[in-house]
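The values are calculated or read from the model by the stated rules, or taken from the named source; none is laboratory data. Given the structure is predicted, the values throughout are model-derived calculations rather than measurements. No Cβ is skipped: glycine too gets one built from the backbone with ideal geometry, and neighbour counts run over all protein chains shown.
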Amino acid sequence: MALWYQALLLLCCTLNLVESSAPPPVLQQQNIYSNSFHLTVTVRTAVQQLQKRYKEEQWWNKHFEDRNRQLKGLPLLSTDFHSWLNLTDWDRLHASFRDLRTYWSMLEGKRKQLEKEEKERLVGRMTHNTLPKRIGYIQLDLRDLMLHVSSQMSNISSSWRNSTSSSHVDPETNFSTEWDSRVEGYIILRDLDLYLTKLARNFLLLASKTH
């Protein structure tokens, strides 16, 4: 953890130096990664807010935590530091695009499930579940991030084609009870929160390499 923290500080310092000293073409490319970094931080804040709302509506307890349960199909969060550092820019961006697409699809499945449950449960009632709409907002944010990454990949390889419009991943779940279904949504948001921290580090590293 200390190694990651030191690397993050170093990347932030390098980013500030690049912003003040880089020539215009390089500065433009650096700003692209910097903008993606700031968007990622903004999206992560929105995910954290949604996670609290989700726990309040599902368990009436925003402090609910379960770090042990995992969900098949979600991107790996753990990364060997040296392997991460030595990735090519293309591999780093391609993995980021793939992972964002996976989270988008997992959220899509959960959003549709919540909408279906709401229709079945709230027939004739005046109350309304806001979670599906809020999840939809996060999906829009993830789509924006995917477009950012796709644009950056196009700058590296002209053969890259944006496939966000047709992306779909079928979630793999082993949960059968209502409780398990609720936990599933929590795990997706929990891991997405952590993943966006990893993605922000990627953009910081990419920005630091453009000087």
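Things to note:
- Pairs, first in contact (Cβ under 8 Å) with a residue 12 or more places away in the chain and within 12 Å of residue 32 (Cα to Cα) in region 193-210, second hydroxyl-bearing (Ser, Thr, Tyr) and surrounded by fewer than 19 Cβ atoms within 10 Å (Cβ to Cβ), C-beta under 9 Å, six or more apart: 204/14; 207/14; 208/14
- Pair list, Cβ under 8 Å, 6 or more apart: region 77-92 residue farther than 15 Å from residue 199 by Cα, other residue in a helix (DSSP H, G or I) and at pLDDT 90 or above: none
- Evaluated against (1) hydroxyl-bearing (Ser, Thr, Tyr); (2) within 20 Å of the chain's Cα centre (by Cα); (3) at pLDDT below 90, residue 197 falls short on exactly one condition, (3).
- Counting only helices (runs of 4 or more DSSP H) that sit completely within region 1-120, those holding 2 or more residues that are modelled with pLDDT of 85 or more correspond to 24-59, 81-85.
- Among the residues of region 178-191, not a single one is modelled with pLDDT under 75 and either touching a Phe, Trp or Tyr at 6+ places or on another chain (Cβ under 8 Å) or of a type outside the set (A, V, I, L, M) (or both).
- If you go through region 54-76 and pick out every residue that is surrounded by 13 or more Cβ atoms within 10 Å (Cβ to Cβ) and either among the hydrophobic types (A, V, I, L, M, F, W, C) or farther than 16 Å from residue 181 by Cα (or both), you end up with 5.
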